[in-house]
Amino acid sequence: MPSPSPLPLAGITVVSLEQAVAAPFATRQLADLGARVIKVERPGGGDFARRYDTTVHGQASYFVWLNRSKESLTLDLKSPEGREILEELLADADVFVQNLAPGAAARLNLGADELQKRHPSLIPCTVTGYGTDGPWADRKAYDLLVQCQTGLLQLTGTPDEVARAGISVADIAGGMYAYSGILSALYTRATTGRAPTVEVSLFDALAEWMGQPAYYTRYGGSQPPRVGARHATIAPYGTFTASDGKDVLLSVQNEREWAALCRDFIGRPELIDDPRFATGSDRVVHRDALDAIISVRFAELGSAAAMELLDRTGIANAGVNSVQEFLDHPVLTERGRWQDIEVPGTAEPVQALLPPAVLSDVTPRMGPVPEAGEHTASILAELGHGPEAIARLCADGVCR
């Protein structure tokens, strides 16, 4: 049996001053592909995301998700010795990632320009809320604030009430663009010798995801309405309640599917040419009347029977799953997408999903989630600090 190929980022070292979600999500994906990620944390507690909750065997669900396969080094960067140790790490690093509060990196002399003067081959990646320039450069930004500022909150919810997206979409968007930006910068460095800087703001990342409603609003004269679990600009596209109480979502994307829905699912072929529903735009205008007709049909069928009939009709559909139903989903379980990882404080493994991008002959790394400062002594020893020096640094609060 052939041995697996080396991980694509083996040999790459990433040093990260990271906290919360966006930057840790970017660096965890680098770690999945084999990069060595050294997570620099505050002495006496580390990344505050460690304390968001205690649901995963005493560990925070966010932290377990975002920090496997990393090494944790605690350093007091307000101390001269702590900053000196960080410089020693950066001298041999390939990538430096930070999402500190506005202005904090500059105060520590860790701005991208300053770093590249000292370490020309280093790729600095800065993750901010609203960019490092412009009128909002000094504002703090959290996920929900960015959802508000980009207009996403106004698109999510019911006509009567806005709703936060159920996951941290701004942070995730920022982390994804930081990850892809770093990969692009590594490729540029490998092919040209130039090490670009990377900057990603949560606002810019989510603004990109707002592209369709932005075009719709600018050129249509009004923003897409909030329609709950319906689609704002396509009908029928939304949830309907079957006779057993379970909601089922269906989506009609074209005229062929519309005709099939009327003929084979609803059982009313005369609706195909009904002037209220003749085009996609007509169906959106008369959505309430159309949804009422489809709801009558759903009330006659259990959810399993409705989905089976929709499948036979060629109409895309899905049951509206709970999170527990997602966890047990056959697309994950039967494809072996769950893998065990270790977390601090317990011998019981935790299940984690494999990375979405599947590379042929590459097995992603699924290493343990570190305790705060777990690798401090070993990293300092690599840098040439002896046991007595390490003990003194820890006693002085430089590391812990």
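Among residues of segment 341-359 being within 19 Å of G34 (Cα to Cα) and free of Cβ contacts under 8 Å to residues at least 24 places away in the same chain, the one that is farthest from the chain's Cα centre (by Cα) is V358. Considered as a group, the residues in segment 369-387 that are in a loop (DSSP other than H, G, I, E, B) and out of contact with any strand residue (DSSP E or B) (no Cβ under 6 Å at 6 or more places or on another chain) include one that is surrounded by the most Cβ atoms within 10 Å (Cβ to Cβ), and that residue is V369. Of the residues in segment 224-237, at least one is of a type in the set (D, E, K, R) and under 24 Å from A292 (Cβ atoms).
Looking at segment 94-114, which of its residues are more than 25 Å from the chain's Cα centre (by Cα), over 15 Å from V198 (Cα atoms) and in a loop (DSSP other than H, G, I, E, B)? Of everything in segment 94-114, those that are more than 25 Å from the chain's Cα centre (by Cα), over 15 Å from V198 (Cα atoms) and in a loop (DSSP other than H, G, I, E, B) turn out to be L108, N109.
Given the criteria crowded, with 17+ Cβ neighbours inside 10 Å, part of a helix (DSSP H, G or I), among the aromatic types (F, W, Y) and more than 27 Å from the chain's Cα centre (by Cα), does F240 qualify?
Details: crowded, with 17+ Cβ neighbours inside 10 Å: yes; part of a helix (DSSP H, G or I): no; among the aromatic types (F, W, Y): yes; more than 27 Å from the chain's Cα centre (by Cα): yes.
No: the conditions fail for F240.
Which members of segment 115-124 meet the condition of being farther than 16 Å from V40 by Cβ, outside any loop (DSSP other than H, G, I, E, B) and either in contact (Cβ under 8 Å) with a residue 40 or more places away in the chain or touching a helix residue (DSSP H, G or I) at 6+ places or on another chain (Cβ under 8 Å) (or both)?
Here is the first cut: in segment 115-124, the residues farther than 16 Å from V40 by Cβ are 116-118, 120-121, 123.
From the residues that got through so far, the ones that are outside any loop (DSSP other than H, G, I, E, B) too are 116-118, 123.
Correct list: Q116, R118, I123.
If I filter segment 62-80 for residues that are over 27 Å from C394 (Cα atoms), crowded, with 17+ Cβ neighbours inside 10 Å and either touching a helix residue (DSSP H, G or I) at 6+ places or on another chain (Cβ under 9 Å) or β-branched (V, I, T) (or both), do I get at least one hit? Checking segment 62-80: at least one residue is over 27 Å from C394 (Cα atoms), crowded, with 17+ Cβ neighbours inside 10 Å and either touching a helix residue (DSSP H, G or I) at 6+ places or on another chain (Cβ under 9 Å) or β-branched (V, I, T) (or both).
S72: touching a residue at least 60 places away in the same chain (Cβ under 8 Å), of a type in the set (S, T, Y), over 30 Å from G134 (Cβ atoms) and not in a loop (DSSP other than H, G, I, E, B), yes or no? Step through it out loud before you land on a result.
Numbers: touching a residue at least 60 places away in the same chain (Cβ under 8 Å): yes; of a type in the set (S, T, Y): yes; over 30 Å from G134 (Cβ atoms): yes; not in a loop (DSSP other than H, G, I, E, B): yes.
Judged against the criteria, S72 is a match.
With respect to (1) crowded, with 17+ Cβ neighbours inside 10 Å; (2) under 26 Å from Y216 (Cα atoms), the lone exception for E161 is condition (1). If you filter segment 187-219 down to residues that are in contact with a Leu (Cβ under 9 Å, 6 or more places away or on another chain) and not in a helix (DSSP H, G or I), you find that the one that is surrounded by the most Cβ atoms within 10 Å (Cβ to Cβ) is A195. Anything in segment 342-361 that is crowded, with 16+ Cβ neighbours inside 10 Å and among the aliphatic types (A, V, I, L, M)? List them, or say none. Answer for segment 342-361, where residues must be crowded, with 16+ Cβ neighbours inside 10 Å and among the aliphatic types (A, V, I, L, M): V343, V350, A352, L354. Within the set L332, L310, the sole residue that is surrounded by 13 or more Cβ atoms within 10 Å (Cβ to Cβ) and either more than 19 Å from T239 (Cα to Cα) or in contact with a Gly (Cβ under 7 Å, 6 or more places away or on another chain) (or both) turns out to be L332. The numbered conditions (1) under 26 Å from Q59 (Cβ atoms); (2) not in a helix (DSSP H, G or I) are all true for S360 except (1).
Selection over segment 13-63 of residues that are hydroxyl-bearing (S, T, Y) and within 19 Å of the chain's Cα centre (by Cα) gives a count of 5.
When restricted to residues that are part of a loop (DSSP other than H, G, I, E, B) and among the charged types (D, E, K, R), segment 339-357 contains 2.
For segment 137-157, filtered to residues that are in a loop (DSSP other than H, G, I, E, B) and in contact with a strand residue (DSSP E or B) (Cβ under 9 Å, 6 or more places away or on another chain), the residue that is farthest from E208 (Cα to Cα) is A137.
Readers should treat all values here as calculations from the given coordinates under stated rules, not as data from a laboratory. Being a predicted model, the structure only gives us computed values, none of them experimental. Note that each Cβ is placed from the backbone with ideal geometry, even for glycine, and that neighbours are counted across all protein chains shown.
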